[in-house]
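Quick notes on the structure that follows.
Please treat every number below as a calculation from the coordinates, not as lab data. Quick caveat, the model's predicted, so the values are computed rather than measured. Heads up, the Cβs are rebuilt from the backbone with ideal geometry, glycines too, and the neighbour counts pull from every protein chain shown.
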Amino acid sequence: MDSLIDDYITFLLLERGLSQKTVEAYREDLKKFSRFVKENRLKIEEIDIKDLNKFLEELEKAGYSPSTRSRIVSGIRGFFIFLNTEKGLPANPAELLEIPKKARRLPEVLSEEEVEKLLMAPDVGTPKGLRDRAILEMLYATGMRVSELSGLKMGNLDLDERFVKVSGKGSKERFIPFGEVARDWLIKYLVEVRPRLDKKKTDFVFLNLRDGGPISRVSIWRLIKFYGLNAGIPRERLYPHILRHSFATHLLRNGCDLRTLQLMLGHASIATTQVYTHLDIRYLKEAHRRYHPRA
């Protein structure tokens, strides 16, 4: 068994061109399977789907998460394909092995009051603070991804109609409206700060303070975390998409329909957008528990 795993790892390195780190992860997963095979005195050519399912059950009992078990299943599938095609194993018992479904985590969101505190955290009396306030306002007003905001160009803004054209995943374009408050802060930044930063005469909307180049995704994430902590929001609740998820949840909670929300978020499938309905249900259940006299 161990020599077969070594051969498979060599195959992944030389034939598939996978990285050393990736194949070592596969090796560790297959070692678990090898121990199971030895402990149950199984022969590789006699292993069937029942044995593989029993191995998965043991992983589950041992406390391995669905995502880890899913990765191990992928490794076992690849291993048996290799044995079948390269080593002459007559059958592939892993062909029908089902990948454990990963538990879908609901995204954390901020309350409207917490968003307000976050937006007001920058010191707008400074160029940096004014730029950062405009960034936070636009993220919350449009639900853009951080990467979309960092790549936003001047030609994508329509300040009169209050629309922004966004190039999202797969270079798919969409139009998102934004409100007057976000427009006002954006105009203040464009008039008072951006001309000073634009040393490279670039077309990007949001520029960094160091050399006037486009602000990076990492920098935007850092400022979200910095102002969030200053606003008293716990560190574990702060992450790059926090304003995007809050935007979506607050719209849905205030009556926006799912299809419109899908268009604004740029989701290819409405199934992706439906996670926010679960968030809203969680909010409703909590409100019921808190306020109903017989909850």
Go through region 226-243 residue by residue and turn each phi into a ³J(HN,Hα) via Karplus (6.51, -1.76, 1.60, θ = phi - 60°); whole Hz please, and just put x for glycine and proline. 4, 6, x, 5, 5, 7, x, 8, x, 3, 5, 9, 9, 7, x, 8, 4, 6
Value of [θ]222 nm, deg cm²/dmol, for the chain, DSSP H segments ≥ 4, -39500 (n - 2.57) each, nearest 500: -17500 deg cm²/dmol
For region 174-191, in residue order, the Karplus 3J(HN,Hα) values (coefficients 6.51, -1.76, 1.60; θ = phi - 60°; whole Hz; Gly and Pro = x) are 8, 10, 10, x, 9, x, 5, 4, 4, 4, 4, 5, 5, 5, 4, 5, 5, 8
Using DSSP to call loops (not H, G, I, E or B), can you name the GluC sites (Glu not before Pro) in region 140-248 whose Cβ has at most 16 other Cβ atoms within 10 angstrom? E161
Against the longest alpha carbon principal axis of the chain, how many degrees, from 0 to 90 and to the nearest 10, is the axis of helix 20-39 turned? 40
Pairs on different chains or at least eight residues apart, Cα atoms closer than 21 Å: how many lysine pairs in region 8-75 fit? 15
Return M1, M120, M144, M264 ranked ascending by Cβ neighbour count within 10 Å, so the fewest neighbours appear first. M120, M1, M264, M144
So which GluC sites (Glu not before Pro) in region 48-103 are both in a DSSP loop and have at most 14 other Cβ atoms within 10 Å of their Cβ? E98
Excluding T22 itself, what net charge comes from residues whose Cβ is under 13 Å from its Cβ, given Lys and Arg +1 and Asp and Glu -1? +1
What are the residues whose amide H is under 5 Å from the amide H of L110, where those residues sit 5 or more places off or on another chain and H is modelled from the backbone? S246
If you line up the long axis of helix 66-86 against the longest principal axis of the chain, both from Cα atoms, how many degrees apart are they, to the nearest 10? 50
